[in-house]
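Student: Before we start, here is the structure in question, set down as structure tokens.
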DNA sequence: CTGAAAGCGCTAACAG
DNA sequence: CTGTTAGCGCTTTCAG
């Protein structure tokens, strides 16, 4: 069985005390160069590695941070995780990822599991189904370091990193309008999510700027974030069935953009050709999609980096922090191939 | 600052000893029901949670398993991770994910970082750049529990979970042949990867079965697994420049399928229409791609489940295990829209 | 039935 | 410059 070497083994082998070995290894200034040399050479030889668990117990910290996202299999989040990792590893932290799958129960379980002192801080993006925030309040009340990103919770005072949802939604909607679409629907994630609300506002503002009517029935929400295929299909079907059928759809959520396309293709391939779609999406494949898609791309990697940076600041702060920031990064908007072609014709 | 409650707090508050509290909480049979009740009620009230780090130190295990994959932002791996998680969480294990980004250095660092006793076992899928396996041998020689999945290492005796690479490649190549393509190239990942070798064999077997020539120059490898955009483009360019230009490409790696399409579209959009592509791919978007793609889909989720199951068996084994299995799961093969249409015409 | 004490691997006063 | 000792939170003999 696996039996790692300890500082004690070294001490015994070299006829020293454990504390001398410990100090020698970490270069304590009180140790003679000679001893240091002997110890570190021997440590090297038997491939000694300090036990991080013992260190954690001692220092009361684990040098790891937890991440709770809805899905790793989602371009935005996997890119954000790359950003998170890049900072965390540089600063000597492990990253422990867990997925809520947009389920409230799993979010609660995972956060409690993580927060239970095996991590030093938490990076959270809320699940679509979460409407009760007690589990987060409890942690926060205990002074547990946390940073929100993307799907944030206003009522918690801490650092937050988001993209400029208003700007992205406004630009995407405006793009559709400028290309001649007048009946623009809005397919959205769960309505209580911060991203949904902010993007909704951007969408409406664009409609209003161009004097278009904001119709209640044009807004369709997916309360489970598209976790259930049926909810997306039913939302799309509802839009298709409207007496005044939309000629374009603004999709305000990453995964939903694809689900919306898929649903359209399944329900009515002809409509899929006719209806123009603009949506939030971070997939690298988006340019290769058949009914082509205009899209808003969030700076996911950068958001992950920033959030992690802020979290580590919180964790390593000497004194309690009371001033919190909300970083807002700008989104990029890309026009679809089909619109590009039509633009040439105009 | 965050200060969790300990067993000592409970003991003090209740006028008991820490050992009594400990036993009461874990239902030790020597404790009176009355004491148990009092202790557990109080623990509940102050929301006591045992410190997993202290437990780890004591039990010499952390109840967490490490996963090393090249990229989380890759459908195959993110689905596999979902499978891994589903089993791990059920059995009370944390999952710590780290990414090699197909770099040898990062693989070594991550594995050493992880194996360094903060995990009880390791799930590995090799990086494309790895050709030196010392870091793995060393771990294995120490009896450290590990299971390979997808990109395995033959020379290590342990459990392995793979998909039937021969079958998938054979079927995909055969599909192209049956649709009338005769000049089928092979775009592959790094040549020393197990998946590359096995898929190469399947590809060749199909060519040979139908009496097609196996041309050396039709095989193009990406030594960095497509991490560098340039290497994919250069490989595709090489194929396009061949005097006897291929009329189809079999892509034997998940990420490369998309990169190949992207490169083709960039280098020669016309050729992208003409050249039929069949490749390994696990993306959910694959049906929506413009030059449509025939594809081999691996049972990623199931592979993750199986691998984790085997790993936990290794970890929890009472006596050293000497009989190891290699599980081989069957792939599904899907025909692209464009081939479907032509098939109708025939 | 309950308490005292040792120990998991490591670090850090405190002594020499 | 080096050793002794205590302690991080918890479990577990060994004594009562």
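Student: Any idea which residue in region A:19-40 is modelled with the lowest pLDDT, counting only those that are under 16 Å from residue A:50 (Cα atoms) and within 6 Å of DNA strand D (Cβ to nearest atom)?
Tutor: Going through the qualifying residues, I end up with A:19.
Student: Mind listing just one residue for me: the one in region B:114-141 that is over 27 Å from residue B:60 (Cβ atoms) and surrounded by fewer than 17 Cβ atoms within 10 Å (Cβ to Cβ) and, of those, nearest to the other protein chains (Cβ to nearest Cβ)?
Tutor: Per the stated criteria, the residue is B:132.
Student: May I ask you to verify whether residue B:111 is at the interface with another protein chain (Cβ under 10 Å from one of its Cβ atoms) and either in a helix (DSSP H, G or I) or touching a residue at least 40 places away in the same chain (Cβ under 8 Å) (or both)?
Tutor: No; evaluated as a whole, the condition is false for this residue.
Student: Right, here's the next one. If residue A:58 passes every condition in (1) over 21 Å from residue A:311 (Cα atoms); (2) within 14 Å of DNA strand D (Cβ to nearest atom); (3) crowded, with 18+ Cβ neighbours inside 10 Å but one, which one does it miss?
Tutor: (3)
Student: Given the criteria away from chain A (no Cβ under 13 Å) and without any contact (Cβ under 8 Å) to a residue 24 or more places away in the chain, does residue B:322 qualify?
Tutor: yes
Student: Only one of (1) free of Cβ contacts under 8 Å to residues at least 12 places away in the same chain; (2) in contact with a strand residue (DSSP E or B) (Cβ under 8 Å, 6 or more places away or on another chain) is not met by residue A:299, so which one is it?
Tutor: (1)
Student: Okay, next question. Where in region B:1-92 are there helices (runs of 4 or more DSSP H), lying fully within it, with 3 or more residues that are under 40 Å from the mean Cα position of the chain (by Cα) and either more than 10 Å from chain A (Cβ to nearest Cβ) or under 29 Å from residue A:107 (Cα atoms) (or both)?
Tutor: B:52-59, B:75-90
Student: Determine whether residue A:279 is buried (at least 21 other Cβ atoms within 10 Å of the Cβ), within 27 Å of residue B:255 (Cβ to Cβ) and not assigned by TED's automatic domain parsing to the domain that holds residue A:144.
Tutor: Yes.
Student: Being assigned to a loop (DSSP other than H, G, I, E, B) and either at pLDDT 95 or above or surrounded by fewer than 17 Cβ atoms within 10 Å (Cβ to Cβ) (or both), is that true of even one residue in region B:292-304?
Tutor: yes
Student: Please work out which residue is farthest from the other protein chains (Cβ to nearest Cβ), limiting yourself to region B:93-108 and to residues that are out of contact with any strand residue (DSSP E or B) (no Cβ under 9 Å at 6 or more places or on another chain) and more than 21 Å from residue A:73 (Cα to Cα).
Tutor: B:104
Student: Please state which one of B:314, B:239 is in contact (Cβ under 8 Å) with a residue 12 or more places away in the chain, assigned to a helix (DSSP H, G or I) and buried (at least 22 other Cβ atoms within 10 Å of the Cβ).
Tutor: It is B:239.
Student: Might you check whether a residue that is surrounded by 14 or more Cβ atoms within 10 Å (Cβ to Cβ) and either within 16 Å of DNA strand D (Cβ to nearest atom) or more than 30 Å from residue A:332 (Cα to Cα) (or both) occurs anywhere in region A:89-101?
Tutor: So far as region A:89-101 goes, yes, one or more of its residues are surrounded by 14 or more Cβ atoms within 10 Å (Cβ to Cβ) and either within 16 Å of DNA strand D (Cβ to nearest atom) or more than 30 Å from residue A:332 (Cα to Cα) (or both).
The values are calculated or read from the model by the stated rules, or taken from the named source; none is laboratory data. These numbers come from a predicted model, not from an experiment. Positions of Cβ are generated from backbone atoms using ideal geometry, with glycine treated the same way; all protein chains shown enter the neighbour counts.
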